[in-house]
């Protein structure tokens, strides 16, 4: 429990430095805002299309695979810590787990979900 | 010291949860859910559940909520502050009443069950990776293997539903 | 020391807030976020029980619940996206096509 | 380096391992597929189901000797009860695969994922049937539900299908939240998640902590949702109507039986001491489920919605037997679920054949004059409808007979009476379809031609198997009853 | 006595923080000087001899600038997104052990801010939290270029976090614990890079991608997205993103040192100097690649991450496990 207090103090200090800089700028910095300056940067022209445009679903698929394979990595960590105690038996266990998810990766790869056509 | 931390974290979690539930804007709701999960990670630390606290941050706050954020950005749902439809309002009144009842029941039950559990100092390696990992890989071997099949089913299901063009890749 | 009951009450509170959210929200995404909140409340209750019973079954169970929550989030959001492709709305009211 | 060996008994999970290997094989075939492979997925998955079936009934000696095998630290129980349920699941899956081959060809969605997900759902059901521990049970339930959420929304071009999947998903995960809270409370009160240990600690200490009762109530909510019992049946009609026809057949048979399997094991084996608490609760749910299921089914014109409400009613009948928890009660539950699988999937086989591409023809009026154009389909459909209604020569009648005699023997006369009244009411809406088929003329002859049902060989086989099952359960029930009696004893 | 411990801790944290920020600030100068040298020109040398006061000049300039918030932007998220990136980068430094346990006035002071027994998971959790700074920053500034840059930046960081995590699994297998102090102690006889070259290479590449440095520079690809997700940020908020990036580079250098190069272990020099030296090797490598390698296309970037790094990392885990079991006999 005590180790986490150190992390908490580090968090407070880090947030203080970042916040302090922001506060310093808002106090010291000038505040002249007029319409043209406030428009989002469009290399000069004024924005016509509303900025919320639709994206291809590939970005969603990347995040999706990240979630599933992140869980796989999360299972691999405690196994790695106990690798020496679990020995051959634990190794076989983990290999079954990894092969099943490797088949998932192969399926995703061959199914073309990882293709970026641009 | 622990009591102060508990009340701080608990209050933070409840307030963030309330913000999320009553929020109409999905991004704000997602951010308050991330805040709730981080407060819960703090609570797990209070409960000496070190591995679970770290996993809560990695899995929930770091992976699932990124997926939510991607969907919100991808679908760019503009926040309509629409008034609730008439029937929906009635429906929600019933819902709040029902859930209020469930909550009162739960709290009353929880209040009564404190004789069951002794209060004790945690064992030395209580919540650490080594202890939880040993149980996971020796005693709970079967759920561990079922989890891999579950993840595979999730991936197959998610791809077949979300991928834009399914058929072009076979030919 | 913080007693078990305070943790259980906090867990019950979060669970109920989640359940209220599921009924009152109109956006499918936020409804699923409320369900995630309910699962987190259950995780908290389990960790609290595990700590006060001094056995680790609760921790392994929370580990499994996280896996299932991630798998369900993946599938659920894919369903929402495949639905969004047919009709650009996430609002639960306009999705109720078939009658009650 | 001490080596902790949990009691690994691989032979106990052979059927599940085989199904996993076959679904992995299908996924790999799909990954490295050539256009030719389109037809093979169905057959490969069928071989997988048959192989698993072979392993389930591999040692009949252990079946009759009622050997109960506990393995994986008391997490996996292979007893006659679990073996019988695995038979029901594999039967349901096999019939669904037979039905869906042609259906997918028409919908032009012949992908391996469909069959892989069906196999994953079956693995989930089998895990639920033989889970001896609440965590394994939860994972099995989630694996089944996950695959079904995707399968319900499989025909993603149809908005109805997407909407069905979303509704099923949201309500499903809401029920999972309650299931988990229930399990957490039981774990908190008894200190363990293994069902036998829970029974021991509840029995030994006479633990009457409200936490346990609250946990049990939460479990009733969760299982009520999965088995579509009345207060939690809202999702059933929309999801059954939206999902593709073979998946509706699959959903109405397998998962419902799996929900009852888990329900019975947790409550009979885990919480017998709390008998007093859950009897009155289930009594009300049984009565409500039967009546509401039948009453609303009367007014449905969409045949899939009608069968959805009828499946709710049938869940009510099974709940009656579940309540009469004696030896006769549980064996009648098993018997009824077997007959229900046969007759329901048979009926949906005909609906799949008739519904056509995009399922336009799913209304009762589309069945007008079917008796003359396609006598084979009409006869088969009437047989299944008679069995659903519980008319004597069919298995449905024997099932209901067993259930109500068990209920009467255990003293639930009132419930038995409600049951009989309801089955009488149900005769009306089942026979309405038969009347439409034989007595009424099709609204327009031209439209009748367009409605030619598509009978692929696999579909015909499925219909014959279901018809044989319904008739044999009806005419010579003694052999089945003997097997069912054996399966019950395991629970004691 | 309790109060003394607290003050000591506060002091230790403050020292680590100032050193880290100082090194990061001067890293900007070093980078501009080195880039100059690579292109046979002088880097900044106007502000003081060899441009020593350049970072301080930049700092003051940034504070004096106005940080505008574009109209239609989500004000709350816009204000705090860069702060998230900077805070998370600094926080990772809390678990890095920078020297042997020192004995001061009879107290045994561990030369690490907090020796968590889940140290490595803590590092991975924080690196996955920094994705929010990028994604929310892009989303909140209400312009389609920054939105696209934010999404691409987040997708890139997300898909390179997997090889980062998986490449550390063999290190944990060898060390048998998550705590970074134990990992450094486990490297007493030989640094892990000797035994795990593949994991070292994968970790380095994933680190370059995580810090969005040049070969993987897509989110800020100047020509396509005019500065990507931090287009709309100006003044100190823009500087915070930069501070976050350079502190992240320093911290990644320290992590590489701890995981693969034996942390503060070294023959002659005092331990802290060894750690800083080893930690500076990675930023030098990053600056070097920035000066030489061209930028990858986005599909090459994704292809490289998913179809090359992850399979190799998985095979590496398999191989390490097999070899360790075989050696154990």
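The values are calculated or read from the model by the stated rules, or taken from the named source; none is laboratory data. Owing to the predicted nature of the structure, the values given are computational and were not obtained by experimental measurement. Cβ placement follows ideal geometry from the backbone for every residue including glycine, while neighbour counts extend to all protein chains displayed.
Yes or no, residue by residue, for (1) closer than 20 Å to residue D:131 by Cβ; (2) at pLDDT below 70; (3) buried (at least 19 other Cβ atoms within 10 Å of the Cβ); (4) out of contact with any strand residue (DSSP E or B) (no Cβ under 8 Å at 6 or more places or on another chain):
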residue: B:104; (1), (2), (3), (4): no, no, no, yes
residue: B:109; (1), (2), (3), (4): no, yes, yes, yes
residue: B:121; (1), (2), (3), (4): no, yes, no, yes
residue: B:126; (1), (2), (3), (4): no, no, yes, yes
residue: B:141; (1), (2), (3), (4): yes, no, yes, yes
residue: B:149; (1), (2), (3), (4): yes, no, yes, yes
residue: B:163; (1), (2), (3), (4): no, no, yes, yes
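Six or more apart or on different chains, Cβ atoms under 8 Å: show the pairs whose first residue is in region D:464-492 and closer than 21 Å to residue D:389 by Cβ and whose second is outside any helix (DSSP H, G or I) and at pLDDT 80 or above.
D:470/D:394; D:471/D:393; D:471/D:394; D:473/D:394; D:474/D:392; D:474/D:393; D:474/D:394; D:475/D:393
Give D:212, D:179 a once-over and let me know the one that is within 22 Å of the chain's Cα centre (by Cα), closer than 26 Å to residue D:281 by Cα and in contact (Cβ under 8 Å) with a residue 40 or more places away in the chain.
D:179
Out of the residues in region D:183-199 meeting the condition of being within 27 Å of the chain's Cα centre (by Cα) and not in a helix (DSSP H, G or I), tell me which one is farthest from residue D:72 (Cα to Cα).
Selected residue: D:193.
I'm trying to understand the selection: among the residues of region D:398-412, which are touching a helix residue (DSSP H, G or I) at 6+ places or on another chain (Cβ under 8 Å) and surrounded by fewer than 20 Cβ atoms within 10 Å (Cβ to Cβ)?
Those that are touching a helix residue (DSSP H, G or I) at 6+ places or on another chain (Cβ under 8 Å) and surrounded by fewer than 20 Cβ atoms within 10 Å (Cβ to Cβ): D:405, D:408, D:409, D:410.
Matching residues to (1) closer than 25 Å to residue C:67 by Cα; (2) facing chain C (nearest Cβ under 8 Å); (3) modelled with pLDDT under 85:
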{"site": "D:176", "(1), (2), (3)": "yes, yes, no"}
{"site": "D:179", "(1), (2), (3)": "yes, no, no"}
{"site": "D:186", "(1), (2), (3)": "yes, no, no"}
{"site": "D:207", "(1), (2), (3)": "no, no, yes"}
{"site": "D:215", "(1), (2), (3)": "yes, no, no"}
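Tell me which residues, restricted to region E:52-70, are within 7 Å of chain A (Cβ to nearest Cβ) and either in contact with a strand residue (DSSP E or B) (Cβ under 6 Å, 6 or more places away or on another chain) or without any contact (Cβ under 8 Å) to a residue 60 or more places away in the chain (or both).
E:64
Of all residues in region C:50-67, count the ones that are more than 7 Å from chain B (Cβ to nearest Cβ) and closer than 21 Å to residue D:141 by Cβ.
4
Residue-wise test of (1) free of Cβ contacts under 8 Å to residues at least 24 places away in the same chain; (2) surrounded by fewer than 24 Cβ atoms within 10 Å (Cβ to Cβ).
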{"residue": "D:200", "(1), (2)": "yes, yes"}
{"residue": "D:258", "(1), (2)": "no, no"}
{"residue": "D:276", "(1), (2)": "yes, yes"}
{"residue": "D:283", "(1), (2)": "no, yes"}
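Conditions tested, residue by residue: (1) part of a helix (DSSP H, G or I); (2) more than 11 Å from every other protein chain (Cβ to nearest Cβ); (3) surrounded by fewer than 24 Cβ atoms within 10 Å (Cβ to Cβ).
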residue: D:92; (1), (2), (3): yes, yes, no
residue: D:103; (1), (2), (3): yes, yes, no
residue: D:109; (1), (2), (3): no, no, yes
residue: D:117; (1), (2), (3): yes, no, no
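Look at residue D:135 and say whether it is part of a helix (DSSP H, G or I) and surrounded by fewer than 24 Cβ atoms within 10 Å (Cβ to Cβ).
yes
Identify all residues within region E:127-149 that are at the interface with chain B (Cβ under 8 Å from one of its Cβ atoms) and farther than 14 Å from residue E:81 by Cα; write none if there are none.
E:128
Given the condition more than 18 Å from the chain's Cα centre (by Cα) and either assigned to a helix (DSSP H, G or I) or at pLDDT below 90 (or both), answer yes or no: does some residue in region D:243-265 qualify?
For region D:243-265, residues more than 18 Å from the chain's Cα centre (by Cα) and either assigned to a helix (DSSP H, G or I) or at pLDDT below 90 (or both): absent.
Check every one of the helices (runs of 4 or more DSSP H) wholly within region D:302-374 and list those with 2 or more residues that are buried (at least 22 other Cβ atoms within 10 Å of the Cβ).
Counting at least 2 such residues, we get D:303-323, D:327-355.
Before we move on, is residue C:84 surrounded by fewer than 24 Cβ atoms within 10 Å (Cβ to Cβ) and either facing chain B (nearest Cβ under 7 Å) or without any contact (Cβ under 8 Å) to a residue 24 or more places away in the chain (or both)?
Taking the combined requirement at face value, the residue satisfies it.
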